[in-house]
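Trainee: Questions regarding the structure given below will be posed in turn.
The values are calculated or read from the model by the stated rules, or taken from the named source; none is laboratory data. Everything numeric in this text was worked out from a predicted model, so none of it was measured. Neighbour counts are summed over all protein chains in view; Cβ atoms, including those assigned to glycine, are modelled from backbone coordinates with ideal geometry. Please note that ligands, DNA and RNA were not included when accessible areas were found on the heavy atoms of the full protein model with its side chains. Shrake-Rupley method; radii C 1.70, N 1.55, O 1.52, S 1.80 Å.
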There are 4 protein chains.
Amino acid sequence: MNYQLIMEEVASEVAPLKGKGKIADYIHQLAMVDPDKFGFALNFLDGASFNVGDTDERFSIQSISKVFMLTLAMANVGDDIWKRIDVEPSGNAFNSLIQLEYEKGIPRNPFINSGAIVVTDILLSCLTNPQEELIQLIRNISGSPTIDYNPYVAASEKATGYRNIAMANLMKDFNNIENKLDDVLDLYFQFCSIEMTCKELAQSFLLYANHGKNPLTNDKVITKSHSKRISALMQTCGFYDEAGEFAFRVGLPGKSGVGGGIAAILPEHYSLAVWSPRLNPNGNSLMGMKALELFTTKTGTSIF
Amino acid sequence: MNYQLIMEEVASEVAPLKGKGKIADYIHQLAMVDPDKFGFALNFLDGASFNVGDTDERFSIQSISKVFMLTLAMANVGDDIWKRIDVEPSGNAFNSLIQLEYEKGIPRNPFINSGAIVVTDILLSCLTNPQEELIQLIRNISGSPTIDYNPYVAASEKATGYRNIAMANLMKDFNNIENKLDDVLDLYFQFCSIEMTCKELAQSFLLYANHGKNPLTNDKVITKSHSKRISALMQTCGFYDEAGEFAFRVGLPGKSGVGGGIAAILPEHYSLAVWSPRLNPNGNSLMGMKALELFTTKTGTSIF
Amino acid sequence: MNYQLIMEEVASEVAPLKGKGKIADYIHQLAMVDPDKFGFALNFLDGASFNVGDTDERFSIQSISKVFMLTLAMANVGDDIWKRIDVEPSGNAFNSLIQLEYEKGIPRNPFINSGAIVVTDILLSCLTNPQEELIQLIRNISGSPTIDYNPYVAASEKATGYRNIAMANLMKDFNNIENKLDDVLDLYFQFCSIEMTCKELAQSFLLYANHGKNPLTNDKVITKSHSKRISALMQTCGFYDEAGEFAFRVGLPGKSGVGGGIAAILPEHYSLAVWSPRLNPNGNSLMGMKALELFTTKTGTSIF
Amino acid sequence: MNYQLIMEEVASEVAPLKGKGKIADYIHQLAMVDPDKFGFALNFLDGASFNVGDTDERFSIQSISKVFMLTLAMANVGDDIWKRIDVEPSGNAFNSLIQLEYEKGIPRNPFINSGAIVVTDILLSCLTNPQEELIQLIRNISGSPTIDYNPYVAASEKATGYRNIAMANLMKDFNNIENKLDDVLDLYFQFCSIEMTCKELAQSFLLYANHGKNPLTNDKVITKSHSKRISALMQTCGFYDEAGEFAFRVGLPGKSGVGGGIAAILPEHYSLAVWSPRLNPNGNSLMGMKALELFTTKTGTSIF
């Protein structure tokens, strides 16, 4: 199959959507991004890779980092994490306090904000320098030593993150946060600020297509079972309140971010990353969703 | 791979779980079933089939019929159904009124009770005799002309179905029910009362592994796109509040019922049905869940 | 104090509000009422009475009948009623299912619809002919033997009362309804259909200003303690989601109905009834609320 | 009437309740109070005053200070406060986040924590030194220049006040907090830490029995209308989720605190304060509630 050609077709078929959707503008740094950027990278386990568009430009991966955070937590504490976070879809907007109160401070899954805050708290408890360890993990699996946090984004997130701070305080009240709230929130907002290119993102997600082994080095990062757990969670919980729609239209486990990025995998085969900043009403990249739908249809690859 | 042997291993490995879990007892007919029954049937698209245990005994498939109801509705009205039902996981217990009120009478998906009641209303509006047509559809795809409703079960369901009646009235208040409530509810409770064997269930679910074509006749029942939609919905919404756990442990699209049945598919390969009446706290068959987990692990088949 | 003059002043001061607000139109019988009717009746315990406007015309008292229903229930089963209904304000719209589900089928108070449905169930259980007994009670305390139900209103209420039927089914599911649902609901909708004039309503509410004794006969209808309980409930729960506003602006215990009626009392002194069909956004008579505010201000009578 | 004798009777009749109920122990300073303290003070507008028990010992008035906070806010910004806070009972536990989210950051009334936090924000915006002004107001109306904040209590409240911090952040997200959150919360926790005796509390609440005029000086503190508004709010919202029960059993507008204090008024007649640290399950003083019920029954004083 000529993947390069298919990806170029996809790019030209989604081009008419330019101008549709709304860029995230709750912080200055996201609002200033060129809204018409489009990048699409595809990496196979056998080493083949294909690229279309702006795949060398770093963007704010935002919630996609929740997958890496969960990976680091599972590598360190394993399934004990599920004592404090559930594994079920949330069925509401991604930041609802109602469900958190109803369920006594136990987040529905690690990919909603409240769940990722608990993951952050777990990392703070079990690691000496979790901020350093997370970025090292990402550098290792992507092969890009220059990937880093953007401290300006982290500061802006913190200055406007009232809802996340509210949830963290509510969970602290339910005794589901161990560390000092300021420490947990500072680190959480750092985690939201990571910047990567489509190429780097596609390369790093090969980890989950490769059952937890770093495809660059063949080192085991997490167990096969943990990798499967993360993939299952991406499938059911990776797209805010659009997980069901994504499962149907794209049919791959994946994770999106409000920066307009989406990363997804076909287990045992490939990983891909797409970036386009304009979002649909559910907070997922509008052109990105369409690109992935076209790609899986044209290639006949889907888990269904 | 020796499937017969693997299934026998699975059966003997789950045997120690006998006596664990609780049979559904809200109606007489379910409470009287022998709680230690166990059946496991596997059908391949190429015609091969394998069986272990009580696979020739009919049981109440209960909510598994929601998959057939959706199939009949999509065959008749297509994607118009999504104007009145959403496609997202519910994130709550399967019969919650709160979400229904919060979302103005639009059920989260067609596999929770409220969603299936709207599907029933749609079938009443578009078909002359929906009760006859549904059972004919099931007879056709299973090849078993004697499959039928159990009117005693339907009557018992109706006599105790206060929550379902409450939801139907609430949706009527939100103008999401077109027909007379008594007609809708009578038909809905009939649909819950269908009885099938594991063999029949496995055979009929091949439809979804076969992209919507009846594997017995090769006739198209629904389009490939509709079949994929149903599979995606089973994946994300098929197991009450345990969809995420099932996705991880089993990794197949499927649907369970409180009668203790579970049907699932590996797209393009096989379908299977397991039956064991004792349920876990989430309302899914306890031995059935374990059996499917062991089977997909031993055979290395999972969508992840 | 010249009450007649004050009431005429009030009537002329509220006259400019004619045309404001919206008549209840969910059933035909209410929608057809002349929206600009205005009646205001005042009765003192010493027998003096004053009237302005349309005080001899019967209108649908609707939810005001909940006060009489509670009176009949307390006369027959006393404080046992509080095992099945709470006495606290509801803090939500008057027909919310969410709170009912959250609080396991126990209504917040007897003046919201769910609470009145439980009161109806209690009356069905303890009386041979509750429909006859309620209307006799009202005839006795008002001195008007021709007061009656309007069967057309009851039928219309039933035909559109999906939300009330939903709540009744939910409470049945929580085992807080003893009798057959159809019987309970038929009787409840009858209770909603009573028609009275302002004069009759003012006369009958003297019961609560008179500590539970019929002011026409001096017979004890309910105990002083029960009368105080009912007054306290009218104070805190009598005006849907506007109880706090009414307590401030009017400062009397009272009860309103969507037919545009309001009845209220100054304990140990007087009772009054006002009727004007156009409602404010909270479902209370717009001119009626203003008339009562002006009257208590001009007469300097308020419980605060 | 011999009030001194009646109050002594009340004290001896509630004495058998000693040992019942549970002292608030979420902060050290409350947990250390002698749980069997009991004080009861009564002040008439004509200057007469009566006391029983520990009426000269200061205790943490906690939420009772919300009445003074509202008084200071109304004195400064008048009815503009109602643009940001509602006046209706909450119908839930006093600190629920669910209602706050459902109603877009507008608290139900100024006597629940979220409402009092908005009042604090209003005071911060309109006054140069609100902390000083509030304590001066209380000193003026009580005639006790030594009343003060307890900084240790304020610090402990802040260290454990996760739920209040969560609510403040949620309201900030809804743009219903103008000032910096840390400033608002620091001041709010100070306001919770005021300590007064029963005598001082009874004297200061005469303000509301006196239609807003300081009874010691006859100076107008707030308008008659504002005083009536505050009394109406105490009547409908002053006792957490027990306002309806208090209205029936006691029948006076009042406000309680988790320190075990209750202050209440009979408009135009008297004010009273009772203190006993053990609380009932709704967070109100167990002996205090009973004492007030006995007192209003024995004296035949109640607004109903």
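Trainee: For residues that are among the hydrophobic types (A, V, I, L, M, F, W, C) and open to solvent by 10 Å² or more (accessible area, probe 1.4 Å), scanning just segment D:252-269, find the one that is farthest from the other protein chains (Cβ to nearest Cβ).
Mentor: Ranking the candidates gives D:Val258 first.
Trainee: How about segment C:130-142: which of its residues are open to solvent by 30 Å² or more (accessible area, probe 1.4 Å) and in contact (Cβ under 8 Å) with a residue 24 or more places away in the chain?
Mentor: C:Gln131, C:Glu133, C:Asn140
Trainee: Checking D:Glu195 against (1) of a type in the set (Asp, Glu); (2) modelled with pLDDT under 95; (3) under 12 Å from the mean Cα position of the chain (by Cα), which single condition isn't satisfied?
Mentor: Unmet for D:Glu195, out of (1) of a type in the set (Asp, Glu); (2) modelled with pLDDT under 95; (3) under 12 Å from the mean Cα position of the chain (by Cα): (2).
Trainee: Of all residues in segment D:219-242, which are open to solvent by 20 Å² or more (accessible area, probe 1.4 Å) and either more than 23 Å from C:Arg108 (Cα to Cα) or in contact with a strand residue (DSSP E or B) (Cβ under 8 Å, 6 or more places away or on another chain) (or both)?
Mentor: If the condition is that a residue be open to solvent by 20 Å² or more (accessible area, probe 1.4 Å) and either more than 23 Å from C:Arg108 (Cα to Cα) or in contact with a strand residue (DSSP E or B) (Cβ under 8 Å, 6 or more places away or on another chain) (or both), then D:Asp219, D:Lys220, D:Val221, D:Thr223, D:Lys224, D:Ser225, D:His226, D:Lys228, D:Tyr240 are the ones that fit.
Trainee: For segment A:295-304, how many residues meet the condition of being of a type outside the set (Gly, Ala, Ser) and within 14 Å of chain B (Cβ to nearest Cβ)?
Mentor: Result for segment A:295-304: 5.
A quick yes/no check of all residues on (1) farther than 22 Å from D:Asp182 by Cα; (2) of a type in the set (A, V, I, L, M):
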{"site": "A:Ser156", "(1), (2)": "no, no"}
{"site": "A:Asn164", "(1), (2)": "no, no"}
{"site": "A:Leu170", "(1), (2)": "no, yes"}
{"site": "A:Leu187", "(1), (2)": "no, yes"}
{"site": "A:Cys192", "(1), (2)": "yes, no"}
{"site": "A:Glu195", "(1), (2)": "yes, no"}
{"site": "A:Ala202", "(1), (2)": "yes, yes"}
{"site": "A:Leu206", "(1), (2)": "yes, yes"}
{"site": "A:Asn218", "(1), (2)": "yes, no"}
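Trainee: Moving on. So which residues in segment A:143-184 are in contact (Cβ under 8 Å) with a residue 24 or more places away in the chain, more than 14 Å from chain D (Cβ to nearest Cβ) and in contact with a Lys or Arg (Cβ under 6 Å, 6 or more places away or on another chain), if there are any at all?
Mentor: Of everything in segment A:143-184, just one residue is in contact (Cβ under 8 Å) with a residue 24 or more places away in the chain, more than 14 Å from chain D (Cβ to nearest Cβ) and in contact with a Lys or Arg (Cβ under 6 Å, 6 or more places away or on another chain), namely A:Ile147.
Trainee: Tell me yes or no: at least one residue of segment A:243-251 is open to solvent by 10 Å² or more (accessible area, probe 1.4 Å), at pLDDT below 95 and among the basic types (Lys, Arg).
Mentor: yes
Trainee: Taking segment A:152-180 on its own, how many of its residues are part of a helix (DSSP H, G or I) and over 13 Å from D:Ala166 (Cβ atoms)?
Mentor: Matching residues across segment A:152-180 total 9.
Trainee: With the structure loaded, tell me whether B:Leu170 is over 20 Å from B:Gly238 (Cβ atoms) and buried (at least 24 other Cβ atoms within 10 Å of the Cβ) or whether it fails that test.
Mentor: yes
Trainee: Next up: Within the group B:Val77, B:Val118, which residue is under 18 Å from B:Gln190 (Cα atoms), without any contact (Cβ under 8 Å) to a residue 60 or more places away in the chain and β-branched (Val, Ile, Thr)?
Mentor: Going through B:Val77, B:Val118 in turn, the sole match is B:Val118.
Trainee: Which count do you get for residues in segment A:69-86 that are in a loop (DSSP other than H, G, I, E, B), aliphatic (A, V, I, L, M) and open to solvent by 10 Å² or more (accessible area, probe 1.4 Å)?
Mentor: 0
Trainee: Identify, from the list A:Leu45, A:Leu30, A:Leu5, the residue that is of a type outside the set (Gly, Ala, Ser) and open to solvent by less than 40 Å² (accessible area, probe 1.4 Å).
Mentor: Being of a type outside the set (Gly, Ala, Ser) and open to solvent by less than 40 Å² (accessible area, probe 1.4 Å) holds for just one of A:Leu45, A:Leu30, A:Leu5, which is A:Leu30.
Trainee: A further question on this structure: Quickly run through segment D:16-27 and pick out the residues that are open to solvent by 30 Å² or more (accessible area, probe 1.4 Å) and either over 12 Å from D:Leu286 (Cα atoms) or in contact with a Pro (Cβ under 7 Å, 6 or more places away or on another chain) (or both).
Mentor: D:Ile23, D:Asp25, D:Tyr26
Trainee: Ok, one more. Considering segment D:223-240 alone, what residues qualify as being of a type in the set (D, E, K, R) and facing chain C (nearest Cβ under 9 Å)?
Mentor: D:Lys228, D:Arg229
Trainee: So which residues in segment C:95-112 are more than 8 Å from every other protein chain (Cβ to nearest Cβ), surrounded by 22 or more Cβ atoms within 10 Å (Cβ to Cβ) and of a type outside the set (A, V, I, L, M)?
Mentor: C:Pro107, C:Pro110, C:Phe111
Trainee: On to the next question. Looking at the structure I just gave you, is C:Ser204 in contact (Cβ under 8 Å) with a residue 12 or more places away in the chain, hydroxyl-bearing (Ser, Thr, Tyr) and away from every other protein chain (no Cβ under 12 Å)?
Mentor: yes
Trainee: On to the next question. Looking only at segment C:14-63, count every residue that is on the phi < 0 side of the Ramachandran plot and assigned to a helix (DSSP H, G or I) and tell me the total.
Mentor: The number of residues fulfilling the criteria is 9.
Trainee: Something else about it: Looking at A:Leu201, A:Leu181, A:Leu187, A:Leu216, can you tell me which residue is out of contact with any Asp or Glu (no Cβ under 6 Å at 6 or more places or on another chain) and crowded, with 22+ Cβ neighbours inside 10 Å?
Mentor: Only one candidate qualifies: A:Leu201.
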